[in-house]
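In what follows, a single structure is set out as C-alpha cells and then discussed.
The values are calculated or read from the model by the stated rules, or taken from the named source; none is laboratory data. All values derive from a computational prediction rather than experimental measurement. Counting neighbours? That spans all protein chains shown, and the Cβs are built from the backbone with ideal geometry, glycine included.
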Amino acid sequence: MKIYKYTKEFGKQITQFDSNFTMTQIVKMDNHTHIGCMHLEENGHVGNHQAVTPQLLLIINGEGFVKGNENMFKKVCAGDAVFWDKGEWHETISDNGLTAFVIESENLSSSLLSHLI
C-alpha cells in the first residue's frame, strides 16, 4: 500500500489565463487522462479558456460559480459535477473558496452523467 497527499501544499500555483488557484496532480495516465485536485482560495479564479479535452469538475468542498459557452455564471457547491465539452470556453470563480477534483480525458462523455440539474 502507498498513501499519497493531494493537499494544496503539494500543488502548483496556476496563473495562466489570469487564473489564481493551486492544482495538485493525482495521476496522469498513458491515455492522456489527467486527474487532479483543484484548490481555489478566497477570491480564487480559473480564467476563461477553452477546454483542451472533455473535462469534469467534481466539487467536494465549498462553493463557487461556473460558466461555459452560454456565458452565464451558475452557482455550484459540494456534491455538484460540471461537464465541459472539448473546445468549450469555461471559467470558475469562488468568493469563499472551493476544492474540486478535475478529470480531463478524451474518453469522457456527458452521456455517462446522470441527475442533470
Next item on the list: For residues that are under 13 Å from L57 (Cβ atoms) and assigned to a loop (DSSP other than H, G, I, E, B), tally how many sit in the range 86-104.
Entry: 1
Margin query: Out of everything in the range 69-83 that is surrounded by 17 or more Cβ atoms within 10 Å (Cβ to Cβ) and at pLDDT below 95, what residue ends up being farthest from S110 (Cα to Cα)?
Written below: D80
Item checked: Where E42 falls short, out of the listed (1) over 18 Å from E106 (Cβ atoms); (2) surrounded by 13 or more Cβ atoms within 10 Å (Cβ to Cβ); (3) of a type outside the set (F, W, Y) -> (2)
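Residue by residue, here is whether (1) out of contact with any helix residue (DSSP H, G or I) (no Cβ under 6 Å at 6 or more places or on another chain); (2) without any contact (Cβ under 8 Å) to a residue 40 or more places away in the chain; (3) within 23 Å of K8 (Cα to Cα) holds:
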position: V52; (1), (2), (3): yes, no, no
position: G64; (1), (2), (3): yes, yes, yes
position: N69; (1), (2), (3): yes, yes, no
position: S94; (1), (2), (3): yes, no, yes
position: V102; (1), (2), (3): yes, no, yes
position: E106; (1), (2), (3): yes, no, no
Margin query: List the strands (runs of 3 or more DSSP E) inside the range 30-74, counting only whole elements, that have at least 2 residues being over 12 Å from the mean Cα position of the chain (by Cα).
Written below: 44-50, 55-67
Margin query: Quick test of your reading of the structure: Q13 fulfils all but one of (1) in a strand (DSSP E or B); (2) surrounded by fewer than 13 Cβ atoms within 10 Å (Cβ to Cβ); (3) at pLDDT 95 or above. Name the failing condition by number.
Written below: (3)
